[in-house]
Amino acid sequence: MEKVSIEKATEDLKEIFGAVTYEEAKRGEHLSWYNLADGEASFYIDKQRHERFEAIELLQNYFSDKVVDGGYCSVSPITLVWTTFELKKFN
């Protein structure tokens, strides 16, 4: 398994999902966005671009041969507008 940093995984996943920063998302419609702060990342994937199961499948494919070095990826429970997930550090 390849170990990837949270920063590397964030870069890769923002490309996979076409996510932009929150500031960029405020200027557009139906955009997926992410926030990287304090070494952890939160993603909000617009369900009009990627349905929940598609987003989860893309995450599963990405992490099929990778692990987050010193952390993990957590998908949030069902939401109405976005599929949300986080890249978190182990405490």
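FYI, it's all coordinate maths here, none of it is from the lab. None of the values given here were measured: they were computed from a predicted structure. Note that each Cβ is placed from the backbone with ideal geometry, even for glycine, and that neighbours are counted across all protein chains shown.
A few points about this structure:
- The three principal axes of the C-alpha atoms in the stretch 2-89 carry coordinate ranges of 35, 26, 21 Å, sorted with the longest axis first.
- Sequence-distant residues sharing a close amide H with Ser76 (under 5 Å, placed H): Thr84, Phe85, Glu86
- Simple Cβ-charge dipole of the stretch 2-89, Lys/Arg +1 and Asp/Glu -1, about Cα centre, in debye nearest 20: 180
- Percentage relative contact order, the chain, counting C-alpha pairs under 8 Å, at least six apart: 33
- Sorted from greatest to least, the principal axis extents spanned by the alpha carbons of the stretch 36-82 come out as 31, 25, 17 Å.
- Relative to the longest principal axis of the Cα atoms of the chain, the long axis of helix 52-62 makes an angle of roughly 30 degrees.
- Straight Cα distances below 19 angstrom link Lys89 to the lysines Lys3, Lys8, Lys14, Lys66, with same-chain residues fewer than 8 positions distant left out.
- Residue (of Val4, Ser64, Gly39) at the positive-pole extreme of the stretch 2-89, dipole from beta-carbon charges: Gly39
- Were the residues from Phe53 through Glu15 laid out at 0.36 nm apart, the gain over their Cα-Cα distance would be 11.9 nm.
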